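I have placed the structure first, in the form of structure tokens, so that the comments after it can refer back to it.
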Amino acid sequence: MLEHETIQGVSGVKPTGLRKRTSSIADEGTYTLDSILRQLSAFHSTMCQHGTDPELIKQVVKQMFYIIGAVTLNNLLLRKDMCSWSKGMQIRYNVSQLEEWLRDKGLMNCGAKETLEPLIQAAQLLQVKKKTDEDAEAICSMCHALTTAQTRLRDRCESPQLLMDTKMIYPVTFPFNPSSLALETIQIPTSLNLAFLTRV
């Protein structure tokens, strides 16, 4: 979400005074946006093929999107080299691809999109004017999904609320789906040797 550039030529200008990360470090163990989308599709396809209840699929997708958003935002907050206008534009584009995936799978209303809101607001924050205290106040009021510490650089060291909890797990609810089959019509095969069962 941060390293892979899906919009070519946008981040051609590097922030001055920052060390360039070596490509060997950046390329090892990283994923492209396409590989993330493929993995999401594989998980979704597997759940559908195994007859997972649609409500449970929604909950799993929401949890996966939360993890993607939280890990991405935490890395963004901790890496000065990522804090630029072009990176904000890149992140917003990548998030829109995740939203498109949700739309294609009919999962726009599962709550997954909302878990990306802090990341969306951080991307917007990178693209707005940030010169005066008035700008900072406007940003803090606009970015309701971020804490004040996440929008103010000088508060980073002291605040315990800077990073998102990547281990947070949403509670799982199992929906009750009654069977359309009337139990009194079930015939038990004699080959099962269950003659001791009595129908009540």
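The values are calculated or read from the model by the stated rules, or taken from the named source; none is laboratory data. Bear in mind that the values here come from a model prediction, so they are computed numbers and not experimental data. When we count neighbours, we look across all protein chains shown, and the Cβ atoms used for this are built from the backbone with ideal geometry, even at glycine.
Would you be able to say whether some residue in the stretch 48-64 is touching a His at 6+ places or on another chain (Cβ under 7 Å) and touching a residue at least 60 places away in the same chain (Cβ under 8 Å)? Checking the stretch 48-64: not a single residue is touching a His at 6+ places or on another chain (Cβ under 7 Å) and touching a residue at least 60 places away in the same chain (Cβ under 8 Å). Among the residues of the stretch 88-110, are any part of a helix (DSSP H, G or I), in contact (Cβ under 8 Å) with a residue 40 or more places away in the chain and of a type in the set (D, E, K, R)? Among the residues of the stretch 88-110, not one is part of a helix (DSSP H, G or I), in contact (Cβ under 8 Å) with a residue 40 or more places away in the chain and of a type in the set (D, E, K, R), which makes the answer no. Listed by first and then second residue, the pairs with beta-carbon distance under 8 Å, at least 6 apart or on different chains, first residue in the stretch 67-85 and crowded, with 20+ Cβ neighbours inside 10 Å, second assigned to a loop (DSSP other than H, G, I, E, B) and among the β-branched types (Val, Ile, Thr), are Ala70/Thr166.
Being at pLDDT 85 or above and among the hydrophobic types (A, V, I, L, M, F, W, C), is that true of even one residue in the stretch 49-58? Within the stretch 49-58 (the criterion being at pLDDT 85 or above and among the hydrophobic types (A, V, I, L, M, F, W, C)), the answer is yes, since at least one residue qualifies. Being modelled with pLDDT under 90 and outside any loop (DSSP other than H, G, I, E, B) is a condition met by at least one residue of the stretch 164-184.
Could you look through the stretch 106-149, keep only residues that are among the basic types (Lys, Arg) and surrounded by 13 or more Cβ atoms within 10 Å (Cβ to Cβ), and pick out the one that is farthest from Ala70 (Cα to Cα)?
Within the stretch 106-149, the match that is farthest from Ala70 (Cα to Cα) is Lys130.
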